[in-house]
Amino acid sequence: YSPQSLANVAWACAKLRLEDRTDVLQALVDEATKRDLHSWKPQSLVTLLWAAVDLGLRPGRLLEAVSSQAQTRGHAFNDMDLAQLVPVLTSGGWETNDRANLQLLHATIEAQIKRRPLPRTNAMLNMPPR
């Protein structure tokens, strides 16, 4: 399956609130992390990570890959991609060893905001938590 197909299924699971079927989402994450994520478009990476986190998973290996890609290819992540990562940053329940990747991702997003106009991302970072 293509990266976009995996991300689309993950997005649908999250939008349908399939909390009782996190096994499906975990299988998608497992499949993705077996692949070379450097070739994925940012939108597919972000969507898969966002969907997993939205349904309560905390996929550390996927977070690491997204953090790394955002740092090295930050210019390729558009405003919507970066805005979609903000809920990942603010979600709790991550393992202690994932905190460095969360901090890296946050710093990368902040750096991108300083480089170019990102109104959605900036608004998401400044929203009060729910």
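The values are calculated or read from the model by the stated rules, or taken from the named source; none is laboratory data. Just so we're clear, the structure is a prediction, and the values are computed from it rather than from any experiment. Positions of Cβ are generated from backbone atoms using ideal geometry, with glycine treated the same way; all protein chains shown enter the neighbour counts. Calculation scope for accessible area: heavy atoms of the full protein, side chains included, ligands and nucleic acids excluded. Shrake-Rupley method; radii C 1.70, N 1.55, O 1.52, S 1.80 Å.
I'd like the FRET efficiency for Thr72 and Ala123, computed as 1/(1 + (r/R0)^6) with the beta carbon distance as r and R0 of 22 Å, rounded to 0.05. For Thr72 and Ala123, the calculated efficiency is 0.30.
Rolling a 1.4 Å probe over the protein heavy atoms gives the chain an accessible area of 56 Å² per residue. Distance between the modelled labels on Ala12 and Arg116, one decimal in nanometres: 3.1 nm (7 Å Cα→Cβ projection).
Of Arg120, Arg21, Arg115, the order by accessible heavy-atom surface (1.4 Å probe, DNA, RNA and ligands excluded), from most exposed downward, is Arg115, Arg120, Arg21.
Our compactness index for the chain, the C-alpha radius of gyration over the empirical 2.2 N^0.38 Å, is 0.98.
Each Lys and Arg adds +1 at its Cβ and each Asp and Glu adds -1 at its Cβ; summed about the Cα centre, the chain shows a dipole of about 420 debye.
Within the accessible area of the stretch 35-130, the carbon and sulfur atoms contribute 51%, probe 1.4 Å, all protein chains present. Separation of the stretch 1-54 and the stretch 74-130, taken as the distance between their Cα centroids, equals 18 angstrom. Put a dot 7 Å past the Cα of Ser2, heading toward its Cβ, do the same for Glu31, and the two dots end up 1.4 nm apart.
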